[in-house]
Amino acid sequence: MAFQRYVGLTVTTKDGDSVKIDELRIDFDIEKSDTPENNRAVIRVYNLTKETSAQITEPDGHIMLRAGYKDEATGTIFIGDIAYGTREYVGNDYITTIIAYDARTAVMGGQVSLSYEPGTDALTVAQALLDAIGLPYKGTDLIPGESYAHGYCYIGMASDGLWELLARFSLVCMVQDEMLYIAEPGKATESTELKLEEGGDLLSLPQSVGDKTGTDDINAESPNRWAFGAKLNPELVPGASVSVESSTFNGEVVLRTARSSGSNMDGDFRIDIEAEAA
């Protein structure tokens, strides 16, 4: 049985100081997707001192959020960089709100000025862009060995340059928990052994949500997309493949979006998912 909800927040400031909070009320709402947009977390901590609140809301600090049940397991559900924060008095509580983004500093930094001679292959260029971003990565084996016949020049953010290069080969890119993944659209980046079952880890039955939004092709097939709720699990991130067994859908799916929410004081931890049949 899942009892003793746990949420722990660790903040490392720009100056290297570490603040750990796990005995106050903490609420979280985390949105993750398989797009190049940075995953976003909204974290609320109740009744911190004014000094600690100021310390953990300073921009460019780094956060790690863990959650789960003490009698089962806890895991890291978000890693990222602080964009900004606030402190408000609401009702009888001082609420500190932190807005953070996965790998914000790396993705928004990494300015480059690159120039390569004709015949340079795409992987060489991609490697330079990845090095400038500075995140660990997977999937470079998907980049073809094609060359730039007229050379390659680029000045700007390394992340923008990488997205453009990958689009040339109909590849996509996403960042999950400070790991950069290069992938084919709709394909899994990680294969898990998770099985979500009705009456078990599924909190709501899969419902079809496939439509043609985003395409002008009237002959295009609607994506085989499903929405459902599940118990909190750090492995349930966009790009991961999982098995689903229920009365409305059975089979493998690849997660496209995942929204995690919960509080260590009340309610259940859950993830609301949209996924596409593999």
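Each value in this text was obtained by applying a stated rule to the coordinates, not by laboratory testing. Note that the structure is a prediction, hence the values are computed from the model and not measured. Positions of Cβ are generated from backbone atoms using ideal geometry, with glycine treated the same way; all protein chains shown enter the neighbour counts.
Quick notes
- Residue list for the range 65-111, filter: of a type in the set (A, V, I, L, M, F, W, C), farther than 21 Å from Lys20 by Cα and in a strand (DSSP E or B): Val90
- Within the range 41-53, the residues that satisfy the criterion of being within 15 Å of Arg66 (Cα to Cα) and out of contact with any Leu (no Cβ under 9 Å at 6 or more places or on another chain) are Val42, Arg44.
- Selection of the range 154-201 for residues being out of contact with any helix residue (DSSP H, G or I) (no Cβ under 7 Å at 6 or more places or on another chain), farther than 24 Å from Asn250 by Cβ and hydroxyl-bearing (Ser, Thr, Tyr) yields Ser170, Tyr181.
- Test: residue in the range 127-136 that is under 19 Å from the mean Cα position of the chain (by Cα) and assigned to a strand (DSSP E or B): no
- Count of residues meeting criterion [in a loop (DSSP other than H, G, I, E, B), of a type in the set (Ser, Thr, Tyr) and buried (at least 18 other Cβ atoms within 10 Å of the Cβ)] in the range 166-214: 1
- Residue in the range 135-151 that is out of contact with any strand residue (DSSP E or B) (no Cβ under 6 Å at 6 or more places or on another chain), farther than 21 Å from Lys20 by Cβ and surrounded by 15 or more Cβ atoms within 10 Å (Cβ to Cβ) present: yes
- Arg87, sole failed condition from (1) crowded, with 18+ Cβ neighbours inside 10 Å; (2) in contact with a Ser or Thr (Cβ under 9 Å, 6 or more places away or on another chain): (1)
- Residue list for the range 28-53, filter: under 18 Å from the mean Cα position of the chain (by Cα), in contact (Cβ under 8 Å) with a residue 24 or more places away in the chain and either surrounded by fewer than 18 Cβ atoms within 10 Å (Cβ to Cβ) or part of a strand (DSSP E or B) (or both): Phe28, Asp29, Ile30, Glu31, Lys32, Ser33, Thr35, Pro36, Arg40, Ala41, Val42, Ile43
- Any chance Asp15 is touching a residue at least 12 places away in the same chain (Cβ under 8 Å) and acidic (Asp, Glu): no
- Count of the range 69-117 residues, restricted to those that are under 19 Å from Leu48 (Cβ atoms), out of contact with any strand residue (DSSP E or B) (no Cβ under 9 Å at 6 or more places or on another chain) and of a type in the set (A, V, I, L, M, F, W, C), is 1.
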